[in-house]
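K.L.:
Here's a structure for you.
The values are calculated or read from the model by the stated rules, or taken from the named source; none is laboratory data. Nothing here was measured: the structure is a model prediction, and the numbers come from that model. All Cβ positions, even for glycine, are placed from backbone atoms using ideal geometry, and neighbour counts span all protein chains on display. For the accessible areas, the whole protein counts, side chains as well, though only heavy atoms, and no ligand, DNA or RNA atoms are used. Shrake-Rupley method; radii C 1.70, N 1.55, O 1.52, S 1.80 Å.
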Amino acid sequence: MVKHQPLQVYERQLCLSCITGIYGCRWKRYQRSHDDTTKWELLWSLILLFTFCLLLVWFYFWWEAHNDYNEFNWFLYNRSREWSDGTVPILATTAAGFTYIAFLMVLALCHIALGQQLNLHWLHKATGPFLHIGALAAVTALSWIVAGQVARTEKTIFQVVVVLLYLSVLLGLYVVPLYITSPCIMDTTTLRPRPDVIGRQGAPMLAPENTLRSFQRALHMNVTGLEADVAISHPLANKKQVFSVTTNAQKSPLINSMDGVPFLMHDRSLQRTTDVAEVFPDRQTDDASHFNWTDLQQLNAGKWFLKDDPFWTVNSLPPKEKDLIANQSVCSLEQLLKLASYHNSTVVFRLRRPPLEHPCYHTWINDTLQAVWQSGIPQSLVMWTPVEDRAQVRQLAPGLIQTSLTKQSPQNLQQHGISRLLLRYNEANTQEIRNYSQSNINLGLYTVNEPWLYSVLWCSGVSSVSSEAPDILSKVPHPIWLMRPDEYCLMWVSADLISFAVVIGIFIFQKYRMSGMRSYNPEQIMLSAAVRRSSRDLNVMKEKLIFSEVGNGVGSADELYADNGFDYYTNQGISQ
C-alpha cells in the first residue's frame, strides 16, 4: 500500500535564515523551531535586556561627561605621568558595544515578532553582557511586536498582563513631562544677558595652555576674562627687602621675602607641558616650584602641544601658527597681567602655595601682590581668589575683586566683602544660581566647553563661565533651545495624543490582521493551503506529489495534517 505524501514546499526564507543564523548560529531549517523558548534561554534574554539598559545608561553618562573629557585626561596624567587621551579607548569600546548589543536586541525582537524560539548562541552569551551599548533603535517597533503577541496568543491572562504592563510603561512616559523641569523652559522675556566667557588657561584647544599665545588666541575670541593657575618659582638670590602695594601706589616695607616669581603652570610638575625631560632629565619629576625662573625660561612650553595634539586640532592650524606655538616658553603672571591690561580684560588666577620647604612658603601672597603691582594692571581687573590673609590683602589692595572658590551662602559672602564666586558647574543648581543673582553675587562656573551646557547655564542666569573652548562658545549667540511653558505643554500633550492614537491603531490593525489566521508551522506548507486555487492549479500540484512508504516514520497525511490543524485534500491510496 503506497500513499501519496503531501508535498512539502520549502521557501528560501533568507531573512529568517539570517536572523536565526546570526542570533543562535542556527542556519539550517531543521534547527529552527516554534516551540516555546526554554527558561534558560529566557534568562539569557533577560540578561541581554538588562545589560542593554545598563550600558545605555553608561553611554548616556559618557555623552553627558563630554564636557569634562579634558579633566579626565588630567586625572590620568596625574596617575601615570604620561599624557594621553584616555577617552578614546573608552569611547571606542562604548561604540563597539553600542553596535553589538543593539544589533542583538534587534535580532531578539525579530525572533519574537516572527514567533521563533529564542536561542542565543554561546559566543553572544559570553561576551554580550560585558560590552557597552548606547542605542534605542531596537525598541522603536515595540508597540507593533506587543500588539502582534497579544493578537496571536489565545490565553486571556497573558493578553491582559502584557497589555497592562505595556500600557503602564506607556502611561509613565506620558506623565513624565509633568515632573521634568529645565531652565530653558521659561518666558523668553526674562532671559538674562549672555554670560561672559573667560578663557580658562587661554584657548588650550588652539594653543598650548598657559602660554602667551594661548591667551592671545582667547582674546581673539572676544573673551571678557582670562583664567590661569599660578605657582611660585624658587629664588635665585638671597633675601632682600621687598615692598607691597598700598592704596596710593607707594612702596612700603612689609615682610622679608625671597625673589620668587609667580608663573603659570597647571600641573605640579613640568613633565606634561614642557621639555623638562630633555633639558633637566634628573629633575623632571620635581615640583614645578623647585625650579628658579632662569631654569624655567630654558624650557619649551609649545612643542608638546604639536606632538601630543591633545584636542586633535593641530592639523587644522596653519604653518605660521605652528611656528609660533613651537617657540612658546613658560609664561609669568606679570606677562599675563600686562596682556590683560592692554586688552582691558579681567584676570582670575588660582594661586598655589609652594611646598613647606620652599623659601617662599610664608611670602607667597606678598610675592603675588608684587607681580600685580609691577604689571601696572588696574586692580579692578584682577579677581583675587586666595583665602589666606584676605583681610590684609583687602587693606593693601582694596581695588582687587575679592573672589571665593568655596561655595558659601550669599549672606556669608557679603559679610566677608566677597562679590564674586567661582565654582565647578555641577556645584550650583538653578535655585542657588538665582539666589546669588538676587544677592548681587557674580557667579561664575567652570569648566564649560559644550554649547548645550553653556545654553542651560545661560537660561539659569549665570553671570560668567570659564571655558577651554572659547572658540566654540563664541559661536553660540543665543541658547540652543528656548521654549515657553505653554509651548512645552502643547508639545508634549500633542506628542502623547499622537502616540496614543498610533498605538491604538497598531493594536486594531494587528487584531484585524490576525483574526482570520490560525497557527501553523511554516516548515511545512500543506497542499490544502491552496484549496481556493483553480482546478488546473490543483492538478499541477497533484503531479508533484512524492511517493513514499507509509511506514517511513513521517506518518500519514491524515496524521500530519491533523497535527497542524489544517483541512486537507485527500488522495486515495492505490492498492496493488
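K.L.:
Say we look at the stretch 244-288 and pick out the residues that are at pLDDT below 65 and polar (S, T, N, Q); which of these is surrounded by the most Cβ atoms within 10 Å (Cβ to Cβ)?
P.N.:
This residue is 257.
K.L.:
Only one residue in 435, 426 is of a type outside the set (D, E, K, R), free of Cβ contacts under 8 Å to residues at least 12 places away in the same chain and part of a helix (DSSP H, G or I), so which one is that?
P.N.:
Exactly one of 435, 426 is of a type outside the set (D, E, K, R), free of Cβ contacts under 8 Å to residues at least 12 places away in the same chain and part of a helix (DSSP H, G or I), namely 426.
Okay, residues lined up against (1) of a type in the set (A, V, I, L, M, F, W, C); (2) open to solvent by less than 90 Å² (accessible area, probe 1.4 Å); (3) modelled with pLDDT of 80 or more:
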position	(1), (2), (3)
470	no, yes, yes
475	no, no, yes
478	no, no, yes
482	yes, yes, yes
489	yes, yes, yes
495	yes, yes, no
513	no, no, no
518	no, no, no
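K.L.:
When you check residue 455 against the structure, is it farther than 14 Å from residue 196 by Cα, of a type outside the set (Val, Ile, Thr) and either under 34 Å from the mean Cα position of the chain (by Cα) or not in a strand (DSSP E or B) (or both), yes or no?
P.N.:
no
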